[in-house]
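Below is one structure, written out as structure tokens, with a few remarks after it.
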Amino acid sequence: MSIYFVQVLSALLGFVLFAALNNKDKSLKTIFLPSFLGIVAGILIFKVARHALVDDRVKMVFDCITLGFLFLSLLWIFFEFKPAKILTFFALGVGYGLNYSAISALFPLFSGELLDTQSVISFFLMLFAMLCVFVLFFLVSNLKSSLKPLNLKIFSLLVLACLVIDKLSSAALELMRAGSLQTHPQMLSIVAKGIYVATFSAYFYAFIILVLAVLNFASRPAMTDKNAVGSISFRFTKAAREKISTNVNFATVIIAVSLTFSLYYDLYASRPPQISEPVLVEPQGDKFIFDVDMLKDNALHRFAYITDEGKQVRFFLLNRFPDRPSPVIVFDSCMICGDMGYIKKGDDLICISCNVRIFLPSVGKEGGCNPIPMPFTFDGKHVIVDYATIVGGSNYFSNVVERMVLDPVSRKKVSNLSSRSYLYYGHTYFFENNETQAKFEANPEIYVDTNGTLK
């Protein structure tokens, strides 16, 4: 749910901060109204474009237009020309409003037919974020009053530079995707770095606002003695101090709330789900045997076997039906998505790579994003899998771990990662040097049985 708050911040906070820094005479008609109306217009334009299935092209065009007006806005940091300023901030509002609408399109608030609690909370979080950004415009307009003209221009240039980097990187990437801009490795590297830097832009804007708050608080007029300066002067001084304190306190609270949501999303909510640590198991003879009593909790039980080569082969057991024993064992990998694995939530199995939800009764069947099945037997109490079946699944996994094994000739422990190897009757053996490997290759039957047992 926090994503609905973060989307507003990431799309609008930088533009609102820049607009507030350029709100020189605090006139609603010059900056606020054009920016507000532009944002509304941008949201509506994207809705129409998405309905007409041309949203990608429209966004690409408006991103380029927005970039042009960002460069133009550099003039209005140093010069005051109200008609051009009004047009500039209206156009920027359209661009950033459209950008917000494009970001939020992938996460619709009311995607289902029924109005659920999560949708309502998400909707209010979005409105709350809008309110925070709206209030910050007026707070920053007040906080900047303590800055000297030169310092104000420096802050405006810093924010503008961050906005340009963000928009230039995203526009270049869109043009590359559309084939309108040639893809060169160096260019792609620069664009990638720009996009990466832009992901932290909300924190930069929050830092700028906090600096403004500190500077404004430090500029408070000193408290005077009422008897020395008179009651009128004393009241004016007190009112000025209270006004500054109010602006600083409100700005600090809003930034603290915004940072809380942003950090929660970046550090926790946006992380992909993680698979549980698998339990390492060893075969009993040439079989893997699992007691199905463990499945009474209707949870996913993940295991792993380390092959002779050091490949970690993951697999898991679960019960397909909660009301009766119906165990199934499958590899923790997908033929389509690879070996990122699966997690179980409720009555669904979820592929971590693509977030596809899999109906539990279908687990063990081939096709789609289902986990790779394996043959097994169920005797009513145990699930039994052949050793060869597990080892044969090593090709589905990429994780290799270090394992200390015996050189069958010298009987010294060597690492599977740094030693030479030789395959014999389906078993891989490792050697400390070329000499022991040569002896083994010449007469392997002297050192091992065909089943892998050392002599």
message: Can you report the number of residues in the stretch 240-275 which are surrounded by 14 or more Cβ atoms within 10 Å (Cβ to Cβ) and small (Gly, Ala, Ser)?
response: 3
- prompt: Pick from Glu402, Glu432, Glu445, Glu441: which is of a type in the set (Asp, Glu) and touching a residue at least 60 places away in the same chain (Cβ under 8 Å)?
  reply: Glu402
Complete set of residues in the stretch 296-349 that are of a type in the set (Asp, Glu) and under 21 Å from Ile390 (Cβ atoms): Asp308, Glu309, Asp332, Asp339
Boolean, Ser326 is assigned by TED's automatic domain parsing to the domain that holds Phe376, in contact with a Phe, Trp or Tyr (Cβ under 6 Å, 6 or more places away or on another chain) and not aromatic (Phe, Trp, Tyr): no
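I'm trying to understand the selection: among the residues of the stretch 396-419, which are closer than 22 Å to Phe331 by Cα and part of a loop (DSSP other than H, G, I, E, B)?
Passing the criteria: Phe397, Ser398, Asn399, Val401, Glu402, Arg403.
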query: How do the pairs read when you match residues in the stretch 39-62 that are surrounded by fewer than 15 Cβ atoms within 10 Å (Cβ to Cβ) with residues anywhere that are in a helix (DSSP H, G or I) and at pLDDT 90 or above, using Cβ under 7 Å and keeping only pairs 6 or more apart or on different chains?
result: Val40/Gly97; Lys47/Ser101
- prompt: Pick from Ala213, Ala192: which is surrounded by 12 or more Cβ atoms within 10 Å (Cβ to Cβ), small (Gly, Ala, Ser) and touching a residue at least 60 places away in the same chain (Cβ under 8 Å)?
  reply: Ala213
field: Test: residue in the stretch 119-134 that is among the hydroxyl-bearing types (Ser, Thr, Tyr), under 30 Å from Arg241 (Cα atoms) and not in a loop (DSSP other than H, G, I, E, B)
entry: no
- prompt: Do we find that Gly392 is surrounded by fewer than 18 Cβ atoms within 10 Å (Cβ to Cβ), under 39 Å from the mean Cα position of the chain (by Cα) and in the same structural domain as Ser333 (by TED's automatic domain parsing) in this structure?
  reply: yes
message: If I filter the stretch 373-384 down to residues being in contact (Cβ under 8 Å) with a residue 40 or more places away in the chain and in contact with a Ser or Thr (Cβ under 8 Å, 6 or more places away or on another chain), which single residue comes out as surrounded by the fewest Cβ atoms within 10 Å (Cβ to Cβ)?
response: Ile384
task: Look at Tyr422 and say whether it is free of Cβ contacts under 8 Å to residues at least 60 places away in the same chain, aromatic (Phe, Trp, Tyr) and assigned to a strand (DSSP E or B).
output: yes
statement: Taking the stretch 13-41 and keeping only residues that are in a loop (DSSP other than H, G, I, E, B) and among the basic types (Lys, Arg), one is left with Lys24, Lys26
- request: Within the stretch 159-189, work out how many residues are surrounded by 18 or more Cβ atoms within 10 Å (Cβ to Cβ) and either farther than 20 Å from Cys132 by Cβ or not aliphatic (A, V, I, L, M) (or both).
  value: 11
statement: Picking from Tyr396, Tyr387, the residue that is under 30 Å from Arg324 (Cα atoms), in contact (Cβ under 8 Å) with a residue 60 or more places away in the chain and in contact with a strand residue (DSSP E or B) (Cβ under 7 Å, 6 or more places away or on another chain) would be Tyr387
- request: Only residues that are at pLDDT below 75, assigned to a helix (DSSP H, G or I) and not polar (S, T, N, Q): list them for the stretch 205-235, please.
  value: Lys226, Ala228, Val229, Ile232, Phe234
task: Can you work out which of the residues in the stretch 320-339 that are over 30 Å from Ser415 (Cβ atoms) and modelled with pLDDT of 90 or more is surrounded by the most Cβ atoms within 10 Å (Cβ to Cβ)?
output: Ile329
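The values are calculated or read from the model by the stated rules, or taken from the named source; none is laboratory data. From a predicted model like this one, the values you see are computed outputs, not experimental measurements. Glycine gets a Cβ as well: all are built from the backbone with ideal geometry, and neighbour counts include every protein chain shown.
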